[in-house]
């Protein structure tokens, strides 16, 4: 069970205002599938545009990353730089 | 829009090129003589990227019209090294990492040469005020000033009787 | 596998200061920048730009211009064809390609003075200029709005009638200039404020500032009759230019070759496209190469500055100085199209400090100004200005040393940031302590001088990079890098390869590849090249080392486990073999006999980038008659992980600090009542020159190398621009005797604050 938290307003637009929710998933790929099933459009948004902080560490594009039984996943707008 | 033949001496060599129709010396150097080492940063004489030495005087090439170069002796960055041997200024800029992107570097080197040609022992303040006409956005000037002062010392050493 | 925690004492190349391999070309004028290319038959391109800050385009009549002899092609927005499909990573945020295309050549409306509406290619600059005058554009002028708070207010002219603020539930009924509302936070700020011993409040504003690169945007585009094209350009990312140009003109990527020229500064401002699609569209129309270069005025009018900002901040603290809560609203200008870095401002604002209760709101606001582009740590300097000023107020109120107050509140490893990452490998506290112990901080101030201190943070990123290492037949090596070199990265790539291969630095050269000659890479920016491309370089070099060992084992007919490779020589550890050591030169000379050429290419998506922290100290004086502020002493300290080439790391700290000083004291966009820019030149857009600054001392803190990078490197390029705004303002505030809240602190502003205006 991954506890998903969002700091993005684009996410809120797709979840009807929810910022935090629990999702059953063992990998990032599974998480994105589950998000898309529960909030249509959210899985695609996360895959295309967002980084994830899994238990505190930032991952960009890491689809196969495993999630623990009680992982915290934060959805973060992708960070670039200048 | 007429252009005239201009004769000048560039880096010690006689040259002939067409200039006119509002072309600046900078345009002529870059487009007619294909000496692209001198850069255009602003076209209005504010940034110093186009610094060259004309008859011993530091000039922004973008502020001089091409036909005004007639009969003049012009030094550009391409002539700073002596037959492949780097000038002490070029050597120190490399030693001290006094460049990052390198775009303002030709102008800074020519301006620095003009300084040392007339003042072989400048103070830090004199170096900073002389180079105030050359904007660098990358370095914050610290290593540039150190490089110029160390190059001045190198040149004074070279001048000493052996 | 190299360990980032290796002791630096054991490095032969990394950590030293060799001459950069591309240096001679740069000091002799040989290096080729974007405007230095010349091709046979090349035409000059020029762009016609809107004189109005906001207008509908009713008609563009190019007929007279087309008839002018020497004019070979004319294009408008109608010649662009944005391909299907959504967004592309660009600079500080994902950019909708439609907006980028409309910014490159206007479609329907113009949104700022200088917005491109048409372009010509002609046989000479004079004819191109004349052709521009002959293009007739009919506009319906519309009311405009410039200031961010004015753009939010009711009754403001609305730029896009399809802009309904994202992030607001329910969706607004009417369009506005607020593109998006970001919200983030944690804990209970209400309770924190209710329980606070001290509350600090303030409203802070900063002006839009330009990246100020000395080289204007420049490119040459050449369309071939079979649809394949080549672009030479000054850019921070050749793959990014290819992708955006292909998307804007609806072309396959493999048909465009982008050759990165040397780049004369970027700082984020060249992580997008302005000219390349236009030049290519012109070249396509006439079949000849087209050179397109911006004038300095065009750079100011039409290339992205960063956002100006208006921010409200409140801090709650205990009487011992522990910050228990903070509330902040940040309103950033996006320019003509959505996409300011306000969400990054929210994420970085308190990233240095362990604050339990946070409530941050960020508004992304459009107005009739050029579309913003990334600028070194996008979004962070403005937010840090407000936060570090408020913390300075707190230090004053509690009569605490400003460094001690920051040490008390500083994040340490294990702390949670508001954006979800856990702090790791951080040397922020060590950096604060290094500053405290430094002679500058210990030095007594002279009368009429004041000192300001401030801290700053930047994430630094990893991402996709590619690199190849080729061993030459005589045992030297070439590194092929996927990333343009803005600040000397060729040196650090060559150094890391030399260290890994055990070669002297003089035998390793580095070249920057075009889009056809190396695997894909993200742009040069985000403080990622030494980290991510460096990682690719090291992994490629490690593959080469493994290959060399294999070949040695084959030559000696021994087990590869018995091969040791050190300092460029393979030795056989099996005493039963008659095996003389084999140098890389010997192995390279016989490579055909052991399997073929020795080379490796690595493409990766680097993870594990570590954030950076900076602390700056600024001493200054103010001339009471003119209000001119002079910085007399400046020290920049930073948590750098490990400095691969210390001189270039120092250079990043010094350059970023100088930009920050300019941002604090003089730089701003000055608009008049007509919405037109009054200061589109280096004369009036006042950046620091050599006489404005003292030497800038640096402290490179290497207490915590990043173990995720083979040599411990952290990104360093962006952090240095984050602390200076408040470091300068805190000192000016101390000298003037009141809190300065609006940047820049130009002489007029300072005189007014001193009551002398």
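You will find that of C:635, C:630, the residue that is within 14 Å of chain B (Cβ to nearest Cβ) and surrounded by fewer than 24 Cβ atoms within 10 Å (Cβ to Cβ) is C:630 and no other.
Just so you know, in the range B:69-86 the residues that are touching a residue at least 40 places away in the same chain (Cβ under 8 Å), more than 8 Å from every other protein chain (Cβ to nearest Cβ) and surrounded by fewer than 24 Cβ atoms within 10 Å (Cβ to Cβ) include one that is nearest to the chain's Cα centre (by Cα), and it is B:75. Quick check: anything in the range C:420-429 part of a helix (DSSP H, G or I) and at pLDDT 95 or above? The answer is yes; a qualifying residue exists.
For the condition touching a helix residue (DSSP H, G or I) at 6+ places or on another chain (Cβ under 7 Å), farther than 30 Å from residue C:549 by Cα and either at pLDDT below 95 or not in a strand (DSSP E or B) (or both), what is the one hit in C:475, C:487, C:456?
When all the criteria are applied, what remains is C:487.
Total residues in the range B:96-138 satisfying the condition of being more than 14 Å from the chain's Cα centre (by Cα), assigned to a helix (DSSP H, G or I) and more than 7 Å from chain C (Cβ to nearest Cβ): the figure is 5.
In the range C:382-396, the condition of being touching a strand residue (DSSP E or B) at 6+ places or on another chain (Cβ under 8 Å) and within 14 Å of chain A (Cβ to nearest Cβ) is met by at least one residue. In the range B:139-149, the count of residues that are at positive phi, at the interface with another protein chain (Cβ under 7 Å from one of its Cβ atoms) and either in contact (Cβ under 8 Å) with a residue 12 or more places away in the chain or part of a helix (DSSP H, G or I) (or both) is one or more.
Restricting the range C:160-195 to residues that are buried (at least 19 other Cβ atoms within 10 Å of the Cβ) and within 16 Å of residue C:355 (Cβ to Cβ) leaves a set whose member that is nearest to the other protein chains (Cβ to nearest Cβ) is C:184. One residue alone among C:420, C:414, C:456 is surrounded by fewer than 23 Cβ atoms within 10 Å (Cβ to Cβ) and more than 30 Å from residue C:115 (Cα to Cα), and that residue is C:414.
Matching residues to (1) within 14 Å of another protein chain (Cβ to nearest Cβ); (2) without any contact (Cβ under 8 Å) to a residue 24 or more places away in the chain; (3) under 24 Å from the mean Cα position of the chain (by Cα):
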| residue | (1), (2), (3) |
| --- | --- |
| C:670 | no, yes, yes |
| C:677 | no, no, no |
| C:702 | no, no, yes |
| C:713 | no, no, yes |
| C:719 | yes, no, yes |
| C:736 | no, no, no |
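Mind checking which residues of the range C:440-454 are in contact with a strand residue (DSSP E or B) (Cβ under 9 Å, 6 or more places away or on another chain) and under 16 Å from residue C:632 (Cα atoms)? Of everything in the range C:440-454, those that are in contact with a strand residue (DSSP E or B) (Cβ under 9 Å, 6 or more places away or on another chain) and under 16 Å from residue C:632 (Cα atoms) turn out to be C:440, C:441, C:443, C:445, C:446, C:448, C:449, C:450, C:451, C:452, C:453.
Taking the range B:42-68 as the range and being within 10 Å of chain C (Cβ to nearest Cβ) and within 18 Å of residue B:130 (Cβ to Cβ) as the test, the residues that pass are B:45, B:46, B:47, B:48, B:49. Screening B:142, B:121 for residues that are surrounded by fewer than 15 Cβ atoms within 10 Å (Cβ to Cβ), touching a helix residue (DSSP H, G or I) at 6+ places or on another chain (Cβ under 8 Å) and within 30 Å of residue C:636 (Cα to Cα) leaves exactly one candidate, B:121. Given the criteria in a loop (DSSP other than H, G, I, E, B) and buried (at least 24 other Cβ atoms within 10 Å of the Cβ), does residue C:362 qualify? No.
For residues that are touching a helix residue (DSSP H, G or I) at 6+ places or on another chain (Cβ under 6 Å) and under 15 Å from residue C:15 (Cα atoms), scanning just the range C:640-658, find the one that is nearest to the other protein chains (Cβ to nearest Cβ). Looking at the filtered set, the residue picked out is C:645. From C:553, C:494, C:536, grab the single residue that is surrounded by fewer than 24 Cβ atoms within 10 Å (Cβ to Cβ), in a helix (DSSP H, G or I) and away from every other protein chain (no Cβ under 14 Å). Every option except C:553 fails the conditions. Of all the numbered requirements in (1) farther than 20 Å from residue C:618 by Cα; (2) over 28 Å from the mean Cα position of the chain (by Cα), residue C:489 misses one, and that requirement is (2). Taking the range B:12-41 as the range and being within 11 Å of another protein chain (Cβ to nearest Cβ) and on the phi > 0 side of the Ramachandran plot as the test, the residues that pass are B:20, B:21, B:22, B:34.
With the condition being at negative phi and more than 12 Å from chain C (Cβ to nearest Cβ), I'd like the helices (runs of 4 or more DSSP H) fully within chain A carrying at least 1 qualifying residues.
A:28-38, A:42-49
Is it the case, given these coordinates, that residue C:700 is in the same structural domain as residue C:427 (by TED's automatic domain parsing), more than 18 Å from residue C:618 (Cβ to Cβ) and surrounded by fewer than 23 Cβ atoms within 10 Å (Cβ to Cβ)? Answer is yes for this residue. Of all residues in the range A:14-30, those that are surrounded by 15 or more Cβ atoms within 10 Å (Cβ to Cβ) and in contact with a strand residue (DSSP E or B) (Cβ under 6 Å, 6 or more places away or on another chain) total 4. The conditions of being outside any loop (DSSP other than H, G, I, E, B) and either touching a residue at least 60 places away in the same chain (Cβ under 8 Å) or within 14 Å of chain B (Cβ to nearest Cβ) (or both) are met by residue C:220. Residues in the range C:679-697 that are crowded, with 21+ Cβ neighbours inside 10 Å and touching a residue at least 24 places away in the same chain (Cβ under 8 Å): 7 in all.
The values are calculated or read from the model by the stated rules, or taken from the named source; none is laboratory data. As the structure is a computational prediction, the values presented were derived from the model and not from experiment. So basically every Cβ, Gly included, is an ideal-geometry build from the backbone, and we count neighbours across all protein chains shown.
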